[in-house]
Amino acid sequence: MANNEFPSILISGASVAGPALAYWLVRYGFPVTIVERNAGGPRPGGQAIDVRGPALEVAERMGVLAEIRERAVRMRGMSMVDADGREVYRSEEQTLTGGDLSSPDVEILRDDLADTIMRAAGNGVEYVFGDSIASLDEHDGGVDVVFESGARRTFGVVVGADGLHSTTRRIAFGPEESFLNLLGTYLAVWTAPNFLGLDRWQVFHQVPDSDWGGGVMSVRDNTESRVYLGFQRETPLRYDFRDIAEQKKIMADEFAGKGWVIPQFLMHMWNAPDFHFDAMAQVRLDHWSRGRVVLLGDAGYCGSPLSGQGTSMALIGAYVLAGELHRAGGDHVRAFAEYEAKLRDFVKANQDLAYINKRRVEAELEGREDPDLPNFTEVVNSYTVEDY
């Protein structure tokens, strides 16, 4: 039951970070509303993502760790193949997408994790789908919000958990070009039939000294697969990040004439209902809050898929932000300062993993070791979950 002494919270974004924050806020007694641009529910699709280190402890405290493990992709291993599909490398100890298979980490499809967390958050959350924030006007009593639908409401706190291209961040902090650090790689992911007949396995193809690569992994008990195709560009592409047709054309043009099973990937791409394309990028800001507006997860500190830690940072960030708001009795000034003070060093270290992982992959492809790389596991586990 909501506590009338606590400010009402508007969360923009219903992927992972937003519902995870709502889970904790509702239990602490805050009235919570989530607005999500996608109509009819959370956006489907997305790549397989990882829950690691302290994020596993957060999931356990949420009561969702058992379900997350049950819905995990549970890969047996991976292969690297040449342009003719001949296997040149295989491993049953690690995979390209999930890392060490013997670790306690959990690899799960993004939409499966989002569904699990949303259901765990329960009926105490108000959801508004098919709408988005259009403007914010802060005053002493709260934030007046105008939505794209024309609806108007006032909230005590607004949380931007709306991803790399956060509308909340743009309105409250300025244009995204000021905060995005592009990493020179573009990645597309979509669902296709398991036409290779993979059994909890993933296959990748990377042409040596080329600027592209891709792969596929079987998911959901081998009933379907997720396709990954990526390419590098030193000069940023100009495209509308909401225009899916334009993005599919970019991929079709980029991979026209490529070998292996790329033509089959592209054939299934055209009808994929969950196609997602974006730049590999990081978000770095001097501060994660401005007044009554605060950023969470990718909106505030995206690590990019190259870090392998975006989901874990989002889950830990949601736990800490909600805990600090509760500990501060709803005082957003105090809570936001503590939230950032406790997480900034951890976030920076995990964002730096993107560059570390890139060096590690380059070394592996060249058949050499890089002894100067920081230990991935030590960085992942460098935050201790406290009690709130």
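A short reminder: the numbers here are calculations on the coordinates, not readings from a lab. Just so it is clear, the structure is predicted and the values come from calculations on it, not from any experiment. Neighbour counts are summed over all protein chains in view; Cβ atoms, including those assigned to glycine, are modelled from backbone coordinates with ideal geometry.
For the chain, what proportion of DSSP beta bridges, expressed in % and rounded to the nearest 5, is antiparallel? Don't skip to the end; give the middle numbers.
Working: 50 of 70 bridges.
The answer is about 70 percent antiparallel.
Sequence gap at least 6, Cα distance under 8 Å: using those rules, report the relative contact order of the range 183-281 to the nearest whole percent. Write out the running numbers ahead of the final one.
On the way: 163 pairs, mean separation 39.2, N = 99.
Result for the range 183-281 is 40 percent.
In Å and on Cα atoms, what radius of gyration and Dmax does the chain show?
Both quantities, over Cα of the chain: 20.7, 65 Å.
Can you tell me the FRET efficiency between GLU246 and SER102 if r is taken as the Cβ-Cβ distance and R0 is 45 Å, rounded to the nearest 0.05? Could the numbers behind the result be given before it?
Working: r = 42 Å, r/R0 = 0.93.
FRET efficiency, GLU246 to SER102: 0.60.
Pop out the Kirkwood hydrodynamic radius of the range 272-388 from its pairwise C-alpha distances, inverse of mean 1/r, in Å to one decimal. Can you show the working numbers first?
Working: mean 1/r = 0.0638 Å⁻¹.
This gives a value of 15.7 Å.
Name all residues of the range 51-75 having a backbone nitrogen under 18 Å from the label point set 7 Å from the Cα of ASP221 along its Cα→Cβ direction, giving them as ranges.
67-75
Can you compute the radius of gyration and Dmax for the range 249-325, using only the Cα atoms, both in Å?
When restricted to Cα atoms, the range 249-325 yields Rg and Dmax of 18.1, 54 Å.
Quickly rank 127-135, 79-87, 296-304 as a protection proxy: mean count of other C-beta atoms within 10 Å, highest first. All intermediate terms of the calculation are to be shown ahead of the outcome.
On the way: 127-135: 16.2, 79-87: 13.6, 296-304: 28.6.
Top to bottom by mean Cβ count within 10 Å: 296-304, 127-135, 79-87.
Report the calculated FRET efficiency for ASP137 and THR235 (r = Cβ-Cβ distance, R0 = 41 Å), to the nearest 0.05.
Working: r = 38 Å, r/R0 = 0.92.
Using R0 = 41 Å, I get an efficiency of 0.60.
What is the chain's relative contact order, in percent, from Cα pairs under 8 angstrom and six or more apart in sequence?
20 percent
Taking a cut-off of 26 Å between Cα atoms, list the lysines near LYS258, but don't count ones fewer than 8 places away on the same chain.
The reachable lysines, counting only those whose Cα sits under 26 Å from LYS258, are LYS248, LYS249, LYS358.
List every DSSP H helix in the chain whose Cα atoms extend 20 Å or more along the helix's own long axis and whose mean Kyte-Doolittle hydropathy is at least 0.5.
Values: long enough: 310-327 (25 Å, 0.68); 332-365 (48 Å, -0.65).
Helices meeting the span and hydropathy rule in the chain are 310-327.
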